[in-house]
1. May I ask you to list the residues of the stretch B:139-176 whose amide nitrogen lies under 14 Å from a point 7 Å from Cα along the Cα→beta-carbon direction of B:C434?
2. What relative contact order, as a whole-number percentage, does the stretch A:254-550 give when Cα pairs under 8 Å and 6 or more residues apart are counted?
3. What ³J(HN,Hα) values, in whole Hz, does the Karplus curve 6.51 cos²θ - 1.76 cosθ + 1.60 give for the stretch A:221-232 when θ = phi - 60°, with x put for Gly and Pro?
4. What is the set of long-range amide H partners of B:T365 at a cut-off below 5 Å, with H atoms built 1.01 Å from backbone N?
5. For the protein assembly as shown, what does the alpha-carbon gyration tensor say about shape, rounded, prolate or oblate, given a ≥ b ≥ c as the root eigenvalues, a/c under 1.5 as rounded, and a/b over b/c as prolate?
6. Rounded to the nearest 500, what is chain A's calculated 222 nm mean residue ellipticity when only DSSP H runs of at least 4 contribute -39500 (n - 2.57) each, over all residues?
7. Label B:L67 and B:K307 with points 7 Å out from Cα along Cα→Cβ: what is the distance between them in nm?
8. Can you list the residues of the stretch B:401-440 with backbone N under 19 Å from a point 7 Å past the Cα of B:D345, pointing along Cα to Cβ?
Amino acid sequence: MAEFAMSGPAALSGRKMRNGVRGIFAAVLLSLLFIQPHNARADEDVFAGLATTQFNTIASSVDQIAQQGGPRALPVLRALADRKLFATREGDGLFIRTDSGWEDARSGASATPDEETLRPVRVNNRVRLAVAAAEAELELVSGTPAERQASAMLFYQRHDPAMLPAIDKALSKTDDVTLKNTLQDARAAALLSPGAPVSDAQAQQQAVAKLKAAGGLDARGVLAQASTSEALDPATRKAAEAAVSSIDFKLKLWGFGQDAFYGLSLGSVLLLAAMGLAITFGVMGVINMAHGELMMIGAYTTWLTQKAVLSVAPALGSFSLVLAIPAAFLVCGALGIVIERGLIRFLYGRPLETLLATWGLSLILQQVIRSLFGPTNVAVTTPPWLSGSFHLGGIEVTIDRLAIMIFAVVVMAGLMLVLRRTPLGLEMRAVTQNRRMAALMGIRTARVDALTFGLGSGIAGLAGVAVSQIDNVSPNLGQSYIIDSFLVVVFGGVGNLWGTLAAAATLGVGGKALEPLVGAVSGKILLLVLVILYIQRHPRGMFPLRGRGVES
Amino acid sequence: MSPRFSRRDFTKFSLAASAAMLAGVRGAAAATPKGEPIRIGVLHSLSGTMAISETTLKDVILMLVELQNRKGGVLGRPLEAVVVDPASNWPLFAEKARQLLAVDKVASVFGCWTSVSRKSVLPVFEELNGILFYPVQYEGQECSRNVFYTGAAPNQQAIPAVDYLLSADGGGAKRFALIGTDYVYPRTTNQILQNYLKSKGIADADIMVNYTPFGQSDWQTIVSQLKAFGSAGKKTAVVSTINGDANVPFYKELGAQGISATDIPVMAFSVGEEELAGMDTKPLVGQLAAWNYFESIDSPANKSFIKEWHDYTKNPKRTTNDPMEASYIGFNLWVQAVEKVGSTDHDKVIDAMVGLKQANLTGGTAQVLPNHHITKPVYIGEIQDDGQFNVVWQTPKEVPGMAWSPYVPETKNLIGDWTRPVSCGNYDTVKKACLGAKHG
């Protein structure tokens, strides 16, 4: 700061003074720039602050760059945010690293600095905030429509009164209804924030009404703060308080929908994890303790696919997940068939031995993966098209979770189709309902057993693909899902896919309904107690199989 | 890739004895030290949930043993590491500790990660008068004569981290969410932090505390609660004592719900370079961690340590982290003490430890204090997109570790001092009395 106080307009960088003078100053500078866009004398070297090591100096330099505008402002700020901006260790040289080499930050001309003398410009959250605000300020004037909307949104979220002149200017220039609306929200929020210029009671109350109409967490934050702000009119404070409770009520109502979404999303993860087990355990009766490890291998297949795609065709990297789905199904399905032929077929009708053998197998699989890929997590990246969230009314829908829900439904439907509409499905049902009869009819039961187990294992692999997007991918991945999977299958009713669906949804929604009430730890305990009580009354689960074959 | 893992996992699989022999043979091959080897115990989980973190520390001790033997061993004798696997099983820790002390007669033990494992072995070390070097940051409120705590006490990590969040550079937070896994370390740390925040004028309504089970993987509800908590018009920060595997889904959910470090910064006490290795760190840029060491710190000692580590593991990508530095400091302090008294006698070594100084890896000095804690610098790092931390703040000099927190009413008058004449782990400075044998 001290170095800066010496240098011309930057002396105004004291926050209060700047707030008042900033708009005029920016306007004057802009007009200067319009007349003489490349006049080096008119623009003070606002970039010099970036070459210091003090975070507050760098942040205020960023502010000044935004005020000054000019053709180099955006490239320099973006380089700073991407950590591509370097300063010389001595003096105040600034260079941007480009794909082909270096360019001088101030002029944009290509340069050949001595790399030994360069160090990256330091960035922390304070600087990042300043850069985001500065970028928004610049993009609001010169950006594409999408960038302008995003900038207006950022202004709204930041609600910094220092931005008021910029907001007003943008408001006067745009005819776009959505953008105008966001800007008006941003204006209202800024007017009610600490440090805003004194405004009359009417303007304040209009702002409160505007924010009340906007609703949402951002508006609530501004209003909650305004309701206790001494700088505002008492009537405004009261109105703000009323608006907060009105928004809270709406948020609470939406909260139920949000909890339902969380519950269904958790349910869909449980469903995916349990569906393969519903085949191997539910239909075939094999207590497969290695089910979780098949999921884990599915997740590792996703990781390997991603690595392979990135090394062969980096441009398609974000679509590797699509490739991973069949890959994981095939890998896990094949592994399942090998397990059935090599191990499980010798143990049919001996559940205890099966349990021990598959448990041993699960340890072996874990250790194999640990030896091959290491004990630490591997990073499966979430592609951009699966990142982020959108709002559905007051419900925030995260895209990765939504995708998993859809995926679970598609897999469930596919599985149903296979079981009901294909010859293989018919044979599977025949073999599980009456093995000897099916054999007498000429069905090769051994082959059907292998394929059924392979199908269940393949679906576990698909679950692994889904889980890799939201959880750790480590050799321990399977352990955290095996208990939940058995719980879902038993609770839903062994041998009944609809039961598995109902149980997954019930456990998911039930768990997420309990969590906000009693906390995550007690919620989980309570849910397990409820399930135990239910199973005691209904030992065959929610949808028990009926018929003559069941008893045997 | 594969040679590294197969070699490491071979070691893991092999019996403790054969691992020890391996180390012994390595030492002998360098062959300057002579005579009967001095045995040291390595008590880190090599299987189970904690293996992911503790295996690395076992490797560090084996590397340090190898380096020490190459330098001529200790007292002219070679060192031999006895590696046991307590398998993330807390009662087994006590059994294995007893085996190391009673059967293998080791001169000192380097081990434990979780506080519950340390609590499990504590009675064994006190009964058999062993020496334990504990290399992990912990919740404090303990001061045993037989343990040297080379990781951070709360005043060397948690308190400075919160100070940073309260400062202008840290965003000037006025509202705090304390989120943790449900066990002793987060609960004690959060109790201390709650009292500390109140002493800094933060109201009860502005502190939210939330615990989750081990391995929590569905963070949707809690992250949305955080979002709501952060919308009270005050700058909000999260202090995370979430442990181990639960961190990845937590950060992923933060990213999915669009919370960035500039909105609500998360200060983590258990996320280091090793944990970040399994994460896509782009959505995490700017999230914070408080440690006494970061791999990215540019000092000659750190550079050579990283190089030795890469050479030893034959993997140029292996990360280093804070507990590794604490193991390094503990090991070298023990070597110094043994060389100073010319013997591995436990009582002599314990008495010689206090006051010893060892250069740490970041350019400062670790000094053993009378309460068996050490002086450590505190760094705040921000996560970068390359999975490393960028140090944005540090204490001007090393902070002495405090065994007992002044922010917990029951312990505010307690100090630990194992030098004469006090010789007590829980000395009440008001009553001028030692509160007795129970120090933990």
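1. Backbone N within reach: B:143-146.
2. Working: 460 pairs, mean separation 111.8, N = 297.
So the answer I get is 38 percent.
3. Residue by residue, the stretch A:221-232 yields x, 5, 5, 4, 5, 5, 5, 10, 7, 5, 6, 9 Hz.
4. B:N360
5. On the way: a/c = 1.69, a/b = 1.12, b/c = 1.51.
It is oblate, given that a/c is not under 1.5 and a/b is not larger than b/c.
6. Working: 21 runs with 359 residues, N = 552.
Calculated from helices alone, the mean residue ellipticity at 222 nm is -22000 deg cm²/dmol.
7. Each label point is offset 7 Å from its Cα along the Cβ direction, giving 1.2 nm.
8. The answer is B:419-420.
Values quoted throughout were computed directly from the atomic coordinates according to the rules given, and no laboratory measurement underlies them. Since we're looking at a predicted model, the values are computed, not measured. In this analysis, Cβ positions are derived from the backbone assuming ideal geometry, glycine residues included, and neighbour counts consider all displayed protein chains.
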